[in-house]
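Nothing in this text is a laboratory measurement; each read-out follows from the coordinates by a stated rule. These numbers were taken from a predicted model, which means no experiment stands behind them. In this analysis, Cβ positions are derived from the backbone assuming ideal geometry, glycine residues included, and neighbour counts consider all displayed protein chains.
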Amino acid sequence: MDLISANSFRRKDRIEELIDANVSQKKHITRDVIKKWFADHKHYPESICRHRENESSAYTNTVTAFSVIMNLEECQMLLMEGQACSPVEEIEVGFS
Ligand SMILES: [Zn+2]
């Protein structure tokens, strides 16, 4: 059994593509930009934002359960419950 699913590498490649595009264009990367990356659906159903596939079992499917964005300089964390494209809830947490 593989420890890492092949589709994880596809999502990793996609997030690198998004990061590289922003860095090469010298865009300022904000929390809202990262939220858009997490909500990306390119290569669906193996997209960064994963949804349950039709006709699949809830026990064998991989879905996005939550996303976390941490700003270590400002000691803030955003937890988004559910898929990043339509989070059920967003919780902001400060830490020190
Ligand atoms: Zn989505």
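Some points to look at:
- When the Cα positions of N61, G82, H41 are compared along the charge dipole of segment 5-96, H41 comes out farthest toward the positive end, with charges on each C-beta of Lys, Arg, Asp and Glu.
- Computed [θ] at 222 nm, helices only, for the chain once each DSSP H run of length n ≥ 4 contributes -39500 (n - 2.57): -9000 deg cm²/dmol
- Once the Cα-Cα distance is subtracted from the 0.36 nm per residue extended length, the N7 to E53 segment shows a gain of 15.2 nm.
- Extended-chain gain in nm, criterion 0.36 nm per residue less alpha-carbon gap, V88 and L72: 3.3 nm
- Summarising the label geometry, the points placed 7 Å from Cα in the beta-carbon direction at S96 and K36 lie 3.5 nm from one another.
- I29, I4 arranged by Cβ crowding within 10 Å, fewest neighbours leading: I4, I29
- Percentage relative contact order, the chain, counting C-alpha pairs under 8 Å, at least six apart: 19
- Cα long-axis angle, helix 6-24 against the chain (0 to 90 degrees, to the nearest 10): 30
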